[in-house]
Amino acid sequence: MTAKRRGTIKKSAFDRVIEAALRLSSANVKMFPQTGLMRSAVKTAVESRLTVYDSLYIALAQRLKSPLLSLDLEQADVARKAGLVVVRD
């Protein structure tokens with residue numbers, strides 16, 4: 001969406017990206033609603049100064065009792081402090 005707003009991607013390419021994302025989401029990607037994660041994510045964001053967006057991934061990993069895959073050093077550090085296993089490869 002950012003690339004579309006900034007005009008750095010053509011409409012035809014943007015439309016192909018959206019179609020690919022929709023195909024993936026129906027076949028290989030499991031979607032999770034944010035509503036059940038928001039309270040925890042906002043709390044983490046406020047306490048750690050991460051974005052709510054980054055904190056949602058931490059909240060989801062906590063909910064699923066799953067490792068967090070992240071290359072973001074700050075997000076990984078906050079996740080480790082919250083007791084999560086972080087995979088950086």
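In summary, helices (runs of 4 or more DSSP H) completely within the chain and bearing 3 or more residues that are at pLDDT below 95 occur at 2-6, 11-27. Residues of the stretch 15-53 that are buried (at least 17 other Cβ atoms within 10 Å of the Cβ) and touching a residue at least 24 places away in the same chain (Cβ under 8 Å): L37, T44, S48, L50.
The values are calculated or read from the model by the stated rules, or taken from the named source; none is laboratory data. No experiment lies behind these values; they were computed from the predicted model shown. Note that we place each Cβ from the backbone using ideal geometry, even for glycine, and neighbour counts take in every protein chain shown.
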